[in-house]
Structures are given as C-alpha cells and as structure tokens.
Amino acid sequence: MPQGDKSSYTDKQKRQVKHIEEGYEKKGVGKKEAERRAWATENKVSGGGKKN
C-alpha cells in the first residue's frame, strides 16, 4: 500500500476527517493544510486505518 493511501480507513473515519477538515477551514486554515491536520488528528484519535 503506497504512502497516503486512504483505502484502509473505515467510512466512519473518513466522515470524521471531513468534519475535522471543515472545522479547520472555518478557522482560516488553507485547504491542503486543513486536510493534512484532519488526517493527523484522526490517526492520533483512532490509531490509523484498519489493521490486518
């Protein structure tokens, strides 16, 4: 699996990332930075994607 591949995340995790990203954008953070921070936040909370 290449770095940056989001296929191992559940639908719930992806929805949470979208919500977190929107929050950062409302605070004035740029789109790419908001997305990066949202995935980092989700990884910290959930421990990353599904494990095999």
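The values are calculated or read from the model by the stated rules, or taken from the named source; none is laboratory data. Keep in mind the model is a prediction, meaning the values are calculated, not measured. Reconstructed Cβ throughout: ideal geometry from the backbone, glycine too, with neighbour counts over all protein chains shown. In case anyone asks, the SASA skips ligands and DNA or RNA and just uses the protein heavy atoms, side chains included. Shrake-Rupley method; radii C 1.70, N 1.55, O 1.52, S 1.80 Å.
For the reader, a short list of remarks on this structure follows.
- Angle in degrees between helix 31-46 and the longest Cα principal axis of the chain, rounded to the nearest 10: 50 degrees
- Taking N as the residue count of the chain, its C-alpha radius of gyration divided by 2.2 N^0.38 Å amounts to 1.13.
- Relative contact order computed over the chain (Cα-Cα under 8 Å; 6+ residues apart), in percent: 46 percent
- Under 11 Å, Cβ to Cβ, from residue 34 - net charge with Lys/Arg +1 and Asp/Glu -1: +2
- Accessible area per residue, Å², the range 3-52 with all protein chains present, probe 1.4 Å: 77 Å²
- Taking the accessible area of the range 1-42, probe 1.4 Å, and keeping the other protein chains in place, the carbon and sulfur fraction comes to 50%.
- Charging the Cβ of each Asp and Glu at -1 and of each Lys and Arg at +1, and nothing else, the dipole of the chain about its Cα centre rounds to 100 debye.
- Cβ-based net charge around residue 14, under 14 Å, with every Lys or Arg adding one and every Asp or Glu removing one: -1
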